[in-house]
Amino acid sequence: MISSKITGTGAYIPSVKKDNSAFANEHFLNEDGSPFTSGNDLIIEKFKAITGIAERRYAKPAYNTSDLAFFASQKAIEDAGVNPEELDYIILAHNFGDVQHQTIQSDNLPNLATRVKFKLGIENPNCVAYDILFGCPGWVEGVIQAQAFIKAGIAKKCLVIGAETLSRVVDKYDRDSMIFSDGAGACIVEATSGDESKILSHASQTFAKDEAYFLYYGASFNKAENKDIRYIKMLGRKIYEFALVNVPLAMKSALDKSGVSIDEVKKVFIHQANEKMDEAIIKRFYRLFKKQVPEGVMPMSIHTLGNSSVATVPTLFDMVLKGQIEKQEVVKGDIVIFASVGAGMSLNAIVYKY
């Protein structure tokens, strides 16, 4: 039976670092525009305790989201050893398009996947390039779509990318701005018919009854700012509660479909959104099987990279494969899970045999 395997990965981690102390002089406000009663030192201290974020990465002013995607793609293509002209699809997950430094307009014309195809110099017109908007789970969903194309027999090799420059769509008066960062991760997904590495199962959901606007575009908390300029906003507590209940269930659904025992899972690569939330999700997931969380099962990169949305899972996976996270590794035959949650509210999970 035809399935899919990841044959190469690549990541682009921006070089501009911004640690928490750099926010000490920001003028943070409540949603209603009122100032906080506590000082920034306490705000930053509590932020670090909850999210785990100590620093984050921002793209250089000259680079846009499509540039970051291109850099990650080059590495994934090289890692897989494939000819770019043989790619059937380029699937690029993002949320805000190319937002140039110190501008407010999102640019999606042409789409970012087409821009990456252009930068890669691919001439083959049968290489179809398109973007997907699926919130933070976009890269995972892109891999699921690549798997569908391959199983349908209309593709053999796909490039799947997750890239974002969230630093350019944040409200500096909103303390949540400290969460977001920039980055890109990519992988090559190829057809396989053997028993080696392959996607075993997956699950995806979108909750849009009460949950659709837990993440949204909203005006600055500073009422003196132009109300028509919009920034990424989120209802943090609602997202936390939603994720805690629903992400473990999606992961369990995918694992149940795979026929694999929870005891065989070696790593869980979960969206790097919030350290406390991710830890709670993993505990809930293992509790569904009446198990304790194994030590080291959940690699983390959020402490130094922040939340780069669609880029968090593929960059984390690439970093572990390349030995860039201490005491973390994946070896041939390991069962791993990719899982994410984000705007929509959408969530998904993949069970993968490496």
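When THR192 is tested against (1) touching a helix residue (DSSP H, G or I) at 6+ places or on another chain (Cβ under 9 Å); (2) β-branched (Val, Ile, Thr); (3) at pLDDT 95 or above, exactly one condition is not met: (3).
Taken over the stretch 296-346, the criterion of being among the hydroxyl-bearing types (Ser, Thr, Tyr), in a loop (DSSP other than H, G, I, E, B) and out of contact with any strand residue (DSSP E or B) (no Cβ under 6 Å at 6 or more places or on another chain) is satisfied by SER301 alone. Report whether or not LEU159 is more than 17 Å from the chain's Cα centre (by Cα), in contact (Cβ under 8 Å) with a residue 24 or more places away in the chain, closer than 21 Å to LYS75 by Cα and assigned by TED's automatic domain parsing to the domain that holds ASP79. Against the criterion (more than 17 Å from the chain's Cα centre (by Cα), in contact (Cβ under 8 Å) with a residue 24 or more places away in the chain, closer than 21 Å to LYS75 by Cα and assigned by TED's automatic domain parsing to the domain that holds ASP79), LEU159 does not qualify. Selection of the stretch 259-280 for residues being crowded, with 21+ Cβ neighbours inside 10 Å and touching a residue at least 40 places away in the same chain (Cβ under 8 Å) yields VAL265, LYS267, VAL268, PHE269, ILE270, HIS271, GLN272, ALA273, ASN274. In the set (1) assigned to a helix (DSSP H, G or I); (2) surrounded by 18 or more Cβ atoms within 10 Å (Cβ to Cβ); (3) among the β-branched types (Val, Ile, Thr), the condition left unmet by VAL245 is number (2). Counting the residues of the stretch 127-178 that are outside any loop (DSSP other than H, G, I, E, B), in contact with a helix residue (DSSP H, G or I) (Cβ under 7 Å, 6 or more places away or on another chain) and of a type in the set (Phe, Trp, Tyr) gives 2. Set side by side, the residues GLY185, GLY194 differ, and just one is buried (at least 23 other Cβ atoms within 10 Å of the Cβ) and either of a type outside the set (Val, Ile, Thr) or outside the structural domain of ILE44 (by TED's automatic domain parsing) (or both), which is GLY185. Remark: pairs (first residue in the stretch 74-97, in contact (Cβ under 8 Å) with a residue 60 or more places away in the chain; second residue hydroxyl-bearing (Ser, Thr, Tyr) and surrounded by 24 or more Cβ atoms within 10 Å (Cβ to Cβ); Cβ separation under 7 Å; 6+ apart in sequence or on different chains) = HIS94/THR65; ASN95/SER309. Is it the case that ILE325 is in contact (Cβ under 8 Å) with a residue 24 or more places away in the chain and in contact with a Lys or Arg (Cβ under 7 Å, 6 or more places away or on another chain)? Taking the combined requirement at face value, the residue does not satisfy it.
Counting only strands (runs of 3 or more DSSP E) wholly contained in the stretch 1-105, no element carries 2 or more residues that are out of contact with any Cys (no Cβ under 9 Å at 6 or more places or on another chain) and among the aromatic types (Phe, Trp, Tyr). Within the stretch 180-193, residues that are touching a residue at least 40 places away in the same chain (Cβ under 8 Å) sit with their Cβ atoms under 6 Å from residues that are assigned to a loop (DSSP other than H, G, I, E, B) and buried (at least 24 other Cβ atoms within 10 Å of the Cβ), at 6+ positions apart or across chains, in these pairs: SER181/GLY306; SER181/SER308; ASP182/ALA59; ASP182/SER308; GLY183/SER308.
Residues considered: ALA186, ALA191. Of these, the only one that is assigned to a strand (DSSP E or B) and over 22 Å from the mean Cα position of the chain (by Cα) is ALA191. The residues in the stretch 71-87 that are surrounded by fewer than 24 Cβ atoms within 10 Å (Cβ to Cβ) and touching a helix residue (DSSP H, G or I) at 6+ places or on another chain (Cβ under 7 Å) can be counted, and the count is 2.
Each residue in the stretch 207-221 was checked for being out of contact with any Asp or Glu (no Cβ under 6 Å at 6 or more places or on another chain) and either crowded, with 16+ Cβ neighbours inside 10 Å or assigned to a strand (DSSP E or B) (or both), and 8 pass.
The values are calculated or read from the model by the stated rules, or taken from the named source; none is laboratory data. Owing to the predicted nature of the structure, the values given are computational and were not obtained by experimental measurement. Virtual Cβ from ideal backbone geometry, glycine too; neighbours counted across all protein chains shown.
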